[in-house]
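Below: the structure, in structure tokens.
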Amino acid sequence: MPKRIEIDAMPEGCKLFYRDINRQIRKAIADGYDHIVLRNIAGQRYIGAGLKGDYTIEVFGDAGLDLGVFSEGLKYIVHGSSEYLLGNTLNGGEIVVYGDSWDITGMGARGGSIFVMGNGGSRIGIHMKEFGDSRPIICYGGTVKQYCGEYMAGGVIVVLGLDFKDAIIDPKKPIDRDNIDAKLVKNAAGPIVQSDLGGGIHGGAIYIRGEIPDELLGVYAKKEEIDEGDKEVLEPLIERFCELYGVNPDFIWKEGFTKVKPISSRPFGKHYTTTPI
Amino acid sequence: MQISPKFTGLPSGGKDISACGISALFNMDQKPVAGKNIMEMICSMRERENGQGAGFAAYGIFPKYKDQYCLQLIIEDIPERVPTKERVEEFLLKHTEIVKGERVPTKNGVFKESPDIWRFFVNPNSNNGDSPDDQTKDIMMMINERIDGAFCMSGGKNMAVFKGVGWSSQIADFYNITDLNAYMWSFHSRFPTNTPGWWGGAHPFSILNHAIVHNGEITSYGTNVEYLKELGYVCKLMTDTEPLIYMFDYIVRKSGYPPELATQIATMAMSPPYWRDIERMPPVLKKWATSIRQTHRWALANGPFSIVITTDYPKPTMIGHSDRKKLRPLIAALSDDQSTFYLSSELNSIHEIDDTMDYWQPDPGMPVVATTDGLIQRGTQSDLEKFAKLLE
Amino acid sequence: MTTVKDKMLPRFKAKIDYETCIKCGRCGENCTYDAIIFNRDEDMPIVKSTGNCVACQRCVTFCPVDAIAITPYPVEFAPHGTWTPYHIRGVMEQARTGAVLLSGMGNDRPFPMVFDNLVWDACQVTNPAIDSLREPVETRTYIGRKPKNLSITKNRGKFALEDLPANVGISTPLIIGHMSLGSVSYNAITAMYRAVEDVGTMMGTGEGGLHKDHYVYRDNLIGEVASGRFGVNPDYLKLGAIEIKIGQGAKPGHGGQLPGEKVTQLISDTRGIPLGTDALSPNPQHDIYSIEDLKTLIAALHEATEYQSPVGVKIAAVNNVAAIASGIVRAGADFMTIDGFRGGTGAAPRVIRDNAGIPIELAIASVDQHLRNEKIRHKVTIIAGGGLRSSSDLIKVIALGADVGNIGTSALIALGCKVCQQCPTGKCSWGIATGNPVLANRIDIDWGAQRVSNLLRGWTHDLSEVLGTMGIDAVESLVGNRDRLRYVGPNPREAEILGVKHAGERIGTGGE
């Protein structure tokens, strides 16, 4: 039976310092709670930094940067947007954002899944890596900007290019998946990724829904059509996305995916000389 | 030995480098907005400052003297010298007609020690054929260069800059921000790597009617400063931000470019498209982008930055801009009634005063621009297509 | 009357290890200086006259078993601080001949190297370094005149932009300086032309006209108009850029002469002069006696080229270089090359090569500062050369105020040159500085082009990596950015002229 506790981050109208929030989270865990709800979050940083274990942290409001940094095994749910560096150096668990999350999401992650309903910024999934069974996953419902998957060494990034704007019933309230009208989810207008996609990628794969022009590919990245193996990777991921955000999977699969993968695992092997001089 | 002034003297620590918080709001109908709003925005980002400096720019605050240049100054006396204010007045009388001079109301007790703040509404003498703008620019630079104990924070019309060393909340308090109403505001809080106790080093930096707040470091500082020397601007304040606002002033105002294009040219020069992207542009746009890059090549502001530039030249305008590598945060938002435009380092600062859901991150290197005509560029690649439509 | 006492003492000793030698004969075939010959009768290479050895390393390179050693000749002059071999040998040779000592390559005196007193800055913490391998770091540069402002007009509600003066784009701020066909061989020059085309940069033609085979590279060539006007014709004026040569760093104030015996059919055709006549480049250009005259020639070239090619002026770095540069800009030059006193040459009087002119580092800093003060620096592209030995020199010279660096010797080293300084003899064993077609064929053009391309690319990669570490993503932001340099040498006055702070000084006034 999960034990739930609520923490108000704005007691008596006074914004709690991140240190106090994390102190309260750690105390709640020590007290045996495993579902911690944070109300009135307004940009506080480092929420749940460095925690490990099977706990759920639910955030209402806009999370500050570095949510879930270094953590392993937790589930974070953000009802709002998140600043940059979401899931920085994540080791496992799941982060779900009902909003946008901008630059450098999942930097250097070695495990775990990050789902973002809306849009991302630059350098999503930069230098993610996989090792053994641990394989980090990032899935954006909306669009992302330049340097997505830059020097990625492993894991999976998915960009779906959806637009939820018309589907959200009451924009003034935290987004609640039960209230998303799946019929009103559209495809985003314009390119859903920007330049230097997968620049220097040497492991893992990026899946972009739809076609992408060659000029957006970064150095030593190449694109391919997806095969059955890729579908096996994508299917559970998209199923989870649809479950989280109340979207019909058929709508997503209506469009094909382009896979971006490394040309080589040692792309810059010839960039440096080796002869004694 | 010369005594270095405490508040207005340049620091000895070297060029200042800082990572900061930025907030800005602009009522595009030019309706006054209370200072409390911008104060709440900036103060919500406590982690972005360390008490070493803050400041704000406010537009539309002197309707009674809107035709005069308002020189707003930090004044401190220097032992054994004529009181600084008298020396400033003497200098101004030589070069301008002083319509009004007044002490800027500040709150006692916020700081243990604080300088005097004065403002003078002036009309520059028309004696050498320069435009009044150019004369005022020179007067401002001369005060900062030559009059010990005085630092001119701003010299525009119907606007002023208020700044100093302290937390953003202290600066807001010191200058009685809650008594001020302005249609356009920018506010900056600092996290400098140096800890110089000089008030002039806080943001915004301003020249004429432009003011800039900046988060970042300019790696092309040396190149930009050398370029500005040729254009008639002397960088003396030892901050990366100073050349940015001078380059903006040069391209937007001094170069004489058509007002419809000036902002686009300035932002494109400071954060141009890569050559590889220019290669792919349609011919007319390609020619313009190539020529802008070639002509203003040393106006390129390299290194990480996000900035907000406010100006009322040629009309009230707010620009949010980031470097093309996107190494500093900047979020834009529009109020539900589309009247108010916001920029901030972090979304929560905007949501502090307006829970609008129309917020977005501008594309790297693409300026987001709002004027009294509304939000005219959202900071996306497609803005270039709009620009191209003006060109042949 | 020549006697044994006129003998010039050997400088190098070529020694063959006969135990290792496999008697393949390659050393003898390759030696062009008659130092080693292969004795067919004895089936044995022999050192014929070690005094002839110039340490060109050709035999060493071609010996498949590394059996040859070249060492300084074991008996040298008695050590003397003043009377070094450089001077004793010079006196001996002039006593023998009564002539001017002729030399090749650049200044070989151990003057202090200003470049080596400079270090540069890098990003730490307050701004991120850029990963130049994966994110764009732009090295593209344009040679040509730039206006102060764009010129915009409004027609029927739309805005029109006046064309900028002609500018030619290069992929990297690194070009190969002027070398003529004649000073270097057909194969060498073809390899270099092909390399600059491949890399997307430029090379100067030198004063030697342009061979008909080479017009295919026209967009990548800077056609030199010098005092001899060799090969200058309407077709030649349609090259990527045109440059008036006033002087060169190796021999400021001195012209040149390709002796008649080197004016072969190839040279005769290219330069448009009779076979076997001396090809003389007078010291001055006789239509330029003043800055007004320079203006006239620039204008004539602008007219003749219909303003389609940038017109530049190349000068040697001399005492008054800053003021001269200012005059050149005012005379209408679109770009200018400043050649420092270490610049190379195919042949120059040694006394001039080794003593005239000033270092490029100081010259560039001074020119850049002066043109800034005059508010005309933005108009002109500055190309700096004269002893750029590595990408680090290129980077430093740009930070000191140049837009572009040019190399000569480095490109020749890419083609095999070992800097033995025998260029004027025409015996170049590497097939570079020679008019002898047999020797020229020692350069396989494909191989040579690849080597020179590689070099240009390697330096460009270096430049990008360094820019990345400085947090700069376009090379124009390094131009004149002395702020990012620091001085570590012994002479504060030098730092002052360079406009560079001493290491340890911070940006800003440092508490003045």
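The values are calculated or read from the model by the stated rules, or taken from the named source; none is laboratory data. Remember, it's a predicted structure, so these values are computed and weren't measured experimentally. Virtual Cβ from ideal backbone geometry, glycine too; neighbours counted across all protein chains shown. Protein only, heavy atoms only, side chains kept; ligands, DNA and RNA dropped before computing areas. Shrake-Rupley method; radii C 1.70, N 1.55, O 1.52, S 1.80 Å.
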field: Stokes-Einstein translational diffusion, the protein assembly as shown - Kirkwood Rh over all Cα pairs, 0.692 mPa s, 37 °C, in µm²/s
entry: 99
Formal net charge of residues neighbouring C:N454 (Cβ-Cβ distance under 13 Å; K, R +1; D, E -1): +1
- line: Shielding of B:349-358 by other chains, given as the mean Cβ count within 10 Å, works out to 3
For the protein assembly as shown, share of DSSP beta bridges that run antiparallel, in % to the nearest 5: 60
- request: As a check on your grasp of the helix formula, calculate [θ] at 222 nm for chain A: sum -39500 (n - 2.57) over DSSP H runs of n ≥ 4, divide by the residue count, round to the nearest 500.
  value: -4000 deg cm²/dmol
message: Heavy atoms of the protein only, probe of 1.4 Å, neighbouring chains included. What is the accessible area of C:R442 in Å², nearest 10?
response: 60
Aspartates and glutamates whose Cα lies under 18 Å from that of C:K238, excluding same-chain neighbours fewer than 8 positions away: C:E197, C:E207, C:D213, C:D219, C:E224, C:E303, C:E306, C:D334
query: 222 nm [θ] for chain C, helices only, -39500 (n - 2.57) per DSSP H run of 4+, per residue, to 500?
result: -8000 deg cm²/dmol
message: Counting only protein heavy atoms, probe 1.4 Å: which residues of region A:89-130 lose 10 Å² or more of accessible surface in the full assembly compared with their chain by itself?
response: A:D100, A:W102, A:D103, A:S122, A:R123
message: Given an 8 Å cut-off on Cα distances and at least 6 residues of separation, report the relative contact order of chain B as a percent.
response: 22
- prompt: Which number comes out as Rg/Rh for region A:98-271 once both Rg and the Kirkwood Rh are worked out on C-alpha atoms?
  reply: 0.97
query: For region A:98-271, what's the relative contact order in percent, using C-alpha pairs closer than 8 Å and at least 6 residues apart?
result: 19
query: Under a straight-distance cross-link criterion of Cα-Cα below 17 Å, which aspartates and glutamates are reachable from A:K27, leaving out those fewer than 8 residues away in the same chain?
result: A:E6, A:D8, A:D54, A:E58
message: Can you give me the C-alpha center-to-center distance between region B:247-317 and region C:248-285, rounded to a whole angstrom?
response: 49
task: With a 1.4 Å probe on protein heavy atoms only, tell me which residues of region C:448-474 lose at least 20 Å² of accessible surface in the complex relative to the chain by itself.
output: C:H461, C:E465, C:G471, C:D473
- prompt: Ranked by accessible surface with a 1.4 Å probe, highest first, in what order do A:E150, C:E162, C:E374 come?
  reply: C:E162, C:E374, A:E150
message: If you roll a 1.4 angstrom probe over the protein chains with everything in place, what fraction of the accessible area of region C:87-126 belongs to carbon and sulfur, to the nearest %?
response: 58
field: Å² of accessible area per residue within the protein assembly as shown, as computed with a 1.4 Å probe and no ligands counted
entry: 39
- request: Mind checking B:228-234 for the average number of partner chain beta-carbons within 10 Å of each residue's beta-carbon?
  value: 3
- prompt: Just by accessible area at a 1.4 angstrom probe, what is the order of C:Y186, A:Y76 from largest to smallest?
  reply: C:Y186, A:Y76
field: Accessible-area composition of region B:5-391, carbon plus sulfur, in percent [1.4 Å probe]
entry: 48
Reachable lysines, given that their alpha-carbon falls under 19 Å from the alpha-carbon of C:K7 and they are not under 8 places away in the same chain: C:K48
- request: Using only atoms on other chains, find how many Cβ atoms lie within 10 Å of each Cβ of peptide B:306-312 and report the average.
  value: 0
task: Identify which of B:Y246, B:Y274, B:Y233 has the largest mean-square fluctuation in a Gaussian network model of chain B, with springs joining Cα atoms closer than 10 Å.
output: B:Y274
field: For chain B, the spread of Cα positions along each principal axis, largest first, Å
entry: 65, 48, 41
field: Total accessible area lost when B and A pair, probe 1.4 Å, Å² to nearest 100
entry: 2300
- line: Simple SL model, points at 7 angstrom along Cα→Cβ for A:E235 and A:S134; separation in nm is 2.8
message: Based on alpha-carbon centroids, what's the gap between region C:437-497 and region B:146-192 in Å, whole number please?
response: 46
statement: Surrounding charge for C:V466, neighbours by C-beta under 11 angstrom, Lys/Arg +1, Asp/Glu -1, total -1
query: Going down the list B:K137/C:K501; A:K75/A:K145; B:K66/B:K236; B:K389/C:K148; B:K287/C:K379; B:K287/C:K148, which pairs span over 21 Å between their C-alpha atoms?
result: B:K137/C:K501; A:K75/A:K145; B:K66/B:K236; B:K389/C:K148
message: Pairs of alpha-carbon atoms within less than 8 angstrom and 6+ residues apart define the contacts here; what relative contact order does region B:217-285 have, in percent?
response: 20
- prompt: At a 1.4 Å probe, what is the % contribution of carbon and sulfur to the accessible area of chain A?
  reply: 51
task: Would you tell me the accessible area of C:R26, worked out with a 1.4 angstrom probe on the heavy atoms of the protein chains, in Å² to the nearest 10?
output: 100
query: What total accessible surface area, summed over both chains, is buried at the interface between chains B and C, computed with a 1.4 Å probe and given in Å² to the nearest 100?
result: 4700
message: Using helices alone, I'd like the mean residue ellipticity at 222 nm for chain B: each DSSP H run of four-plus residues gives -39500 (n - 2.57), total over residue count, nearest 500.
response: -7500 deg cm²/dmol
message: I'd like the accessible area for C:W120: 1.4 Å probe, protein heavy atoms, all chains in place, Å² to the nearest 10.
response: 80
- prompt: How would you rank C:492-503, C:127-138, B:51-62, B:207-218, highest first, on the average number of other Cβ atoms within 10 Å across their residues?
  reply: B:207-218, B:51-62, C:127-138, C:492-503
message: Which positions within region B:198-219 get 10 Å² or more of their accessible surface covered by the other protein chains, compared to the chain by itself, with a 1.4 angstrom probe?
response: B:E217, B:T219
